Amino acid sequence: MTDERLLNMPHYTALVTLLAVVLYFYTGLLVAKARQKFGVFAPATTGNPDFERVFRVQMNTLEWMPIFLPLLWFFVLYVNDWGAALLGLVWIVGRIIYIRGYAAAADKRHRGFAVQAFACGALFIGTLAGIFWRLAHGG
């Protein structure tokens with residue numbers, strides 16, 4: 001691989017992608033810890049409201065990953081690396097706020113959810129604008 005090609009690779013977005021994977025792995029650890037703490041053993045996913053909230057955090061994160069990751073990488077392709085990485089970090093911060101809020105009480109999850117949904121919306125709109133820009137300008 002040439003030096004020029006290496007310089008043009010989306011390093012920042014790649015790092016943010018790895019952070020998102022680490023965050024998801026962390027939610028799995030939280031579920032394992034909650035299973036022990038609340039006595040909800042696999043394959044059960046119900047039985048204790050405190051466990052169920054931790055479990056839903058992991059499941060909701062999993063539900064958003066196939067929305068977030070393609071949008072993140074389409075943004076890289078049609079807009080740029082640093083913008084995708086920045087919005088990816090906003091998504092991660094939103095997920096952390098969501099995790100902390102939902103673990104405390106179900107009605108405290110909304111702020112984090114809104115932050116991560118905003119990040120995905122911005123990734124979507126930016127990608128769509130980038131696609132139309134390139135179509136209009138022959139790129």
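Taking θ = phi - 60°, what integer Hz values does the Karplus form 6.51 cos²θ - 1.76 cosθ + 1.60 yield along region 70-85, in sequence order, with x for Gly and Pro?
x, 4, 4, 7, 5, 4, 4, 5, 9, 10, 6, 5, 5, x, 4, 4
Give the residue list of chymotrypsin sites (Phe, Trp or Tyr not before Pro) in region 12-71 that are DSSP loop and have at most 14 other beta-carbon atoms within 10 angstrom.
PHE41
Efficiency by 1/(1 + (r/R0)^6): what FRET value for HIS11 and ALA136, r their Cβ-Cβ distance, R0 = 35 Å, to the nearest 0.05?
According to the calculation, E is roughly 0.75.
For region 100-105, take each phi angle, set θ = phi - 60°, evaluate the Karplus expression 6.51 cos²θ - 1.76 cosθ + 1.60, and give the result in whole Hz per residue in order, putting x for glycine and proline.
These are the phi-based 3J(HN,Hα) values: 5, x, 5, 5, 7, 6 Hz.
Projected onto the charge dipole of the chain (+1 at Lys/Arg Cβ, -1 at Asp/Glu Cβ, origin at the Cα centre), which of TRP64, PHE75, GLY130 gives the Cα projection farthest towards the positive end?
Farthest towards the positive end: TRP64.
With every protein chain left in place, what is the accessible area of VAL22 in Å² (1.4 Å probe, nearest 10)?
Spelled out: VAL22, probe radius 1.4 Å, area about 90 Å².
³J(HN,Hα) across region 122-127 via Karplus (A = 6.51, B = -1.76, C = 1.60, θ = phi - 60°), whole Hz, x for Gly/Pro?
Computed from phi, the couplings for region 122-127 are 5, 4, 5, 5, x, 5 Hz.
Between the alpha-carbon centers of region 95-139 and region 21-49, tell me the distance in whole angstrom.
Taking the Cα centre of each part, region 95-139 and region 21-49 sit 26 Å apart.
Mind checking the dipole of the chain: about its Cα centre, +1 per Lys or Arg Cβ, -1 per Asp or Glu Cβ, Debye to the nearest 20? Before the final figure, lay out each step's value.
Values: 12 positive and 7 negative charges, 105 e Å.
Dipole of the chain, to the nearest 20 debye: 500 debye.
Helix 11-38 versus the longest principal axis of the chain: what angle, 0 to 90°, nearest 10, using Cα atoms?
Approximately 10 degrees, to the nearest 10.
Read through the labelled values [x] 35, 16, 11; [y] 26, 18, 14; [z] 23, 16, 14 and report the label of the one computed as semi-axes √(5λ) of the Cα gyration tensor in Å from the structure.
[x]
The values are calculated or read from the model by the stated rules, or taken from the named source; none is laboratory data. All figures in this text were calculated on a predicted structure; none of them were measured in a lab. Cβ atoms come from the backbone with ideal geometry, glycine included; neighbour counts cover every protein chain shown. Areas reflect the complete protein model, heavy atoms only, side chains present, ligands, DNA and RNA absent. Shrake-Rupley method; radii C 1.70, N 1.55, O 1.52, S 1.80 Å.
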